[in-house]
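Below is one structure, written out as structure tokens, with a few remarks after it.
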Amino acid sequence: MQDLTNLIGSQIMFPVIKILGVVLAAYIVKKTSNHFIEKVIRKIVVRDHFLSREDEKKRENTLIQIFSNAIGVLIWVLTVLIVLSELGVEIGPLLAAAGIAGIALGFGGQYLIRDIISGLFIILENQYRIGDVVCFDNTCGLVESISLRMTTLRDLDGTVHHVPHGEIKKVSNLTKQFSRVNLNIGISYNSNLEKVIKVVNKVGSDLAKDKDWKEFITTPPQFLRVNDFADSAIIIKILGETQPIKQWDVTGELRKRLKIAFDKEGIEIPFPQRVIHQAK
């Protein structure tokens, strides 16, 4: 009886230990492959002299994530097949059934193929990377992840958008190579325009020299032109260049400093006004 119990126990424990060994091996291979892929991509990606080191790192991180995910899926699929085989499940009929199901789903699979092909072009053309802020038509956000099939964006509200690559018709990358401060501001028609220009340029130059902001600004924000004669104000345009993704922070600080400087210099930012002529 004791021998029978030991035999049954060994017959149960051996497959369990074998399965645990397979899973552990798959985990180790996955971790090792991630490290290997990262080292290879860091070495073989050709440096683009028109891109900064930070942009190159974003590109490399994107490629690393895509290849790591693809290899990971392959490893775990093979692991599941091996485990099923150890449990006594016939893999051959399963693979045959999967092939038949693949043919049956062929028409639906065309969308998957379209997404993957579009994803390959996005990656090869380096249209955007993880960490960029992009807009797909009316959907905008920070790129959190990219796979061959889709891109995941997170907007300012924290909402996550999963966008299949085949659905992307136009990509607007707001943070590639450099970003730009593009600010329109209204001043009163009574303002001395030359004085306004001096104040704007000084505020922009002081901001670019500030120790907390100078590393983000490549070209100080400066007066560019009178952009429009609006109903209640003269609209002036201020332009400058920043590091990628820093334009919103710099523009916000510039607005704050301009308001303080305008108040100090007596430059009015007018409310909407309307002139009423009374009939006699």
Q. Taking region 63-72, which residues are at pLDDT 80 or above and either more than 32 Å from the chain's Cα centre (by Cα) or more than 16 Å from Lys39 (Cα to Cα) (or both)?
A. Gly72
Q: Please go through region 229-258 and pick out each residue that is free of Cβ contacts under 8 Å to residues at least 12 places away in the same chain and in contact with a strand residue (DSSP E or B) (Cβ under 9 Å, 6 or more places away or on another chain).
A: Phe229, Trp248
Q. So which residues in region 109-153 are free of Cβ contacts under 8 Å to residues at least 12 places away in the same chain and within 13 Å of Gln65 (Cβ to Cβ), if there are any at all?
A. Thr152
Q) Checking Asn182 against (1) farther than 30 Å from Ile269 by Cβ; (2) modelled with pLDDT of 95 or more, which test does it fail? A) (1)
Q. Within region 125-141, can you find the residues that are surrounded by 18 or more Cβ atoms within 10 Å (Cβ to Cβ) and more than 17 Å from Leu63 (Cα to Cα)?
A. Val133, Val134, Phe136, Gly141
(Q) Contact list please: Cβ distance under 7 Å, first residue in region 55-84 and in the same structural domain as Arg42 (by TED's automatic domain parsing) and among the acidic types (Asp, Glu), second residue buried (at least 16 other Cβ atoms within 10 Å of the Cβ) and part of a helix (DSSP H, G or I), pairs at least six apart or on different chains. (A) Glu60/Ile41
Q: Using the structure shown, decide if Ser205 is assigned to a loop (DSSP other than H, G, I, E, B), at negative phi and among the small types (Gly, Ala, Ser).
A: no
Q: Within region 224-280, work out how many residues are in a strand (DSSP E or B) and among the hydrophobic types (A, V, I, L, M, F, W, C).
A: 8
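Rundown of residues vs (1) in contact with a Lys or Arg (Cβ under 8 Å, 6 or more places away or on another chain); (2) at pLDDT below 80; (3) loosely packed, with under 10 Cβ neighbours inside 10 Å; (4) part of a helix (DSSP H, G or I), yes/no style:
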residue	(1), (2), (3), (4)
Thr5	no, yes, yes, yes
Phe14	no, yes, no, yes
Leu20	no, no, no, yes
Val23	no, no, no, yes
Val29	no, no, no, yes
Thr32	no, no, no, yes
His35	no, no, no, yes
Glu38	no, no, no, yes
Ile41	no, yes, no, yes
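Any residue that is among the polar types (S, T, N, Q), touching a helix residue (DSSP H, G or I) at 6+ places or on another chain (Cβ under 8 Å) and modelled with pLDDT of 95 or more - is there at least one of those in region 222-238? Lay out the reasoning, then the answer.
Going through region 222-238, the residues among the polar types (S, T, N, Q) turn out to be 222, 227, 232.
Now restrict to residues that are touching a helix residue (DSSP H, G or I) at 6+ places or on another chain (Cβ under 8 Å): 222.
Imposing the further condition that a residue be modelled with pLDDT of 95 or more reduces the set to 222.
Checked region 222-238: at least one residue is among the polar types (S, T, N, Q), touching a helix residue (DSSP H, G or I) at 6+ places or on another chain (Cβ under 8 Å) and modelled with pLDDT of 95 or more.
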Q. Looking at (1) surrounded by 15 or more Cβ atoms within 10 Å (Cβ to Cβ); (2) out of contact with any Gly (no Cβ under 9 Å at 6 or more places or on another chain), which is the only condition Ile245 fails?
A. (2)
Q: Evaluate region 130-144: report whether one residue or more is of a type outside the set (Val, Ile, Thr), at pLDDT 90 or above, more than 30 Å from Leu224 (Cβ to Cβ) and outside any helix (DSSP H, G or I).
A: yes
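The values are calculated or read from the model by the stated rules, or taken from the named source; none is laboratory data. From a predicted model like this one, the values you see are computed outputs, not experimental measurements. Don't worry about glycine lacking a Cβ; one is built from the backbone with ideal geometry, like all the others, and counts go over all protein chains shown.
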